[in-house]
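The values are calculated or read from the model by the stated rules, or taken from the named source; none is laboratory data. Remember, predicted model here, so these are calculated numbers, not experimental data. A quick note on method: Cβ atoms are made from the backbone with ideal geometry, for glycine too, and the neighbour counts reach across all protein chains shown.
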């Protein structure tokens, strides 16, 4: 019974994080091909706080909600066209990024330093997926894709990785100490 209760609670929290990702996606700094958004910060927060399983679940829910047309992607957009468009690779890349970020923390420890390493890995994974996708979606060169989909986001990505790490670990520790969140090792599928 307790196991079932914990799992339901984590599913609900994952759904809340999917909503948080959608809300932070609306914080946008427009650039020519790919805007800077709050999505990656929210993905980092979800993975840092919820771990690999439930952080990834929140990202998958976010992607599915957007894919069916609910305007949760940046600039209040939604639909499968966004997923297959130039920025779709970043959205798809959020899934392995969240999983790897959470997994790194679960395999090491939930500290700000480990979270910074994990979120930096997650940022790089997202940028790699986005850059490869962008290259084929707009039929550009590798240099053009790298210049548009990777380079402009490194410094901002590191800042967001730090914020996700610091805020995420602080919130994670407080939620665990208040018994509002189970550690990843206490919740099984």
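List of remarks:
- Residue match in the stretch 169-182 (condition: surrounded by 14 or more Cβ atoms within 10 Å (Cβ to Cβ), without any contact (Cβ under 8 Å) to a residue 40 or more places away in the chain and within 16 Å of the chain's Cα centre (by Cα)): no
- Some residue of the stretch 147-156 being in contact with a strand residue (DSSP E or B) (Cβ under 8 Å, 6 or more places away or on another chain) and either under 13 Å from residue 98 (Cα atoms) or crowded, with 21+ Cβ neighbours inside 10 Å (or both): yes
- Restricted to helices (runs of 4 or more DSSP H) entirely inside the stretch 79-189, those with at least 1 residues that are touching a helix residue (DSSP H, G or I) at 6+ places or on another chain (Cβ under 6 Å) and within 18 Å of residue 18 (Cβ to Cβ) are 80-84, 88-107, 112-137, 154-177.
- Residue 58 meets all of the listed conditions (1) without any contact (Cβ under 8 Å) to a residue 40 or more places away in the chain; (2) surrounded by 19 or more Cβ atoms within 10 Å (Cβ to Cβ) but one, namely (1).
- Failed item in (1) surrounded by 15 or more Cβ atoms within 10 Å (Cβ to Cβ); (2) touching a helix residue (DSSP H, G or I) at 6+ places or on another chain (Cβ under 6 Å); (3) modelled with pLDDT of 95 or more; (4) more than 23 Å from residue 157 (Cα to Cα), with residue 47 passing the rest: (4)
- Residues of the stretch 123-146 that turn out to be touching a residue at least 40 places away in the same chain (Cβ under 8 Å) and over 16 Å from residue 102 (Cβ atoms), as a count: 8
- Those residues of the stretch 47-78 which are closer than 12 Å to residue 24 by Cα and not in a loop (DSSP other than H, G, I, E, B), in sequence order: 62, 73, 74, 75, 76
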